[in-house]
Amino acid sequence: MRASREQVAANREAIIVSAGQQFRKRGFDDVTIADVMKAAGLTHGGFYGYFGSKEALAAAVCERGIAESVAAVDAVAEQGGEGGGENGGPDAEPLLHRFVEDYVSARHRDSPDDGCSVAALAQDAGRNSSEIQRVFATGVTGMAESLSRLRALDAPDRAPGAGPDFATLSTMIGALALSRAVAKADPGLSETILEAARAHIENPA
C-alpha cells in the first residue's frame, strides 16, 4: 500500500531528526544510512525514496539545524521587552549574557546531539562538499547577525557595531569545541575553557 502524503512527510521528518541527533553526536562519517533509518524506525531500503544520497541528507540536516540555532538567538532577542535588554531597565540581565550563559555551558558541552549544529558540525563541514559549506556560510552569517542584534538591544544608546558579530560567535564555538575535546581527560580544564570564554565575551577588553 502506498504511503499517504502525510506519512511520507512524517517519515522524512523522522529521518532528518534522527540524522541530526546522530550527526551532531558522532559526525558525518561515523553515521551510516542504516544507523539513521533504524533510529527513525524505518527500513534501510526506503532511504532513497526520501533523499538521493547521504550528502543530500547531511545538507538538509545542516540547513534545519543551523536555522534552529539562528532562531534560538532571535528568540532571546524577542524577549527583550520581558525583563531584559532594551526595555528591561538598568538592572535587567543583558540579553547576550543570558544567551551565552546557556550556550557556553557544561550542559551544552555534554549534549551535542541536542545542541547547536554550528558548533557540533563545523569541523565536518570544513571537510565536506561546497553545498554543505554554502549552507553553513548562510547560517553562520545569520547567527552572527543575531548576536549583533543582542548587543544592540543591550546597549541601545551605543553607536551601531560593524556588522555581524563573528568574534563572539567564533569564541563560543571554539570554546565548546575545545572543552569537548578535553572533557573526559581533564574536566577541570574543560570547565576553565568555558568560564574563560564567557568572561571574554562579556569583557572583551
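Values computed for the structure shown
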quantity: Cα centroid separation, the stretch 169-205 to the stretch 126-144 (Å); calculated: 23
quantity: Solvent-accessible area per residue for the chain (1.4 angstrom probe, square angstrom); calculated: 54
quantity: Most mobile listed residue (Ile33, Ile173, Ile66) in the chain, GNM with C-alpha springs under 10 Å; calculated: Ile33
quantity: Computed magnitude of the charge dipole of the chain (debye, nearest 20; Cβ of K, R +1, Cβ of D, E -1); calculated: 880
quantity: Accessible-area composition of the stretch 15-55, carbon plus sulfur, in percent [1.4 Å probe]; calculated: 50
quantity: Approximate spin-label separation Ala167-Asn203, in nm, with each point projected 7 Å along Cα-to-Cβ; calculated: 1.6
quantity: Residue (of Ala183, Phe166, Leu95) at the positive-pole extreme of the chain, dipole from beta-carbon charges; calculated: Ala183
quantity: Ellipticity estimate at 222 nm from DSSP helix runs (n ≥ 4, -39,500 (n - 2.57)) divided over the chain, nearest 500; calculated: -21500 deg cm²/dmol
quantity: Gyration tensor verdict on the stretch 102-164 (Cα atoms; rounded if a/c is under 1.5, prolate if a/b is larger than b/c, oblate otherwise); calculated: oblate
quantity: Length released on extending from Asp29 to Lys184, taking residue separation times 0.36 nm less the Cα-Cα span; calculated: 53.6 nm
quantity: Label-point separation in nm, Ala177 to Glu55, each point 7 Å along Cα→Cβ; calculated: 2.2
quantity: Pair Ala106, Glu6: separation of 7 Å Cα→Cβ label points (nm); calculated: 4.5
quantity: Charge dipole (the stretch 10-83, unit charges on Cβ, about Cα centre) - positive-most of Gln79, Gly20, Ala34; calculated: Ala34
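The values are calculated or read from the model by the stated rules, or taken from the named source; none is laboratory data. On a predicted model such as this, the values are computed, not experimentally measured, just so you know. Quick reminder, even Gly has a Cβ in these numbers, built from the backbone with ideal geometry, and neighbours come from all protein chains shown. Please note that ligands, DNA and RNA were not included when accessible areas were found on the heavy atoms of the full protein model with its side chains. Shrake-Rupley method; radii C 1.70, N 1.55, O 1.52, S 1.80 Å.
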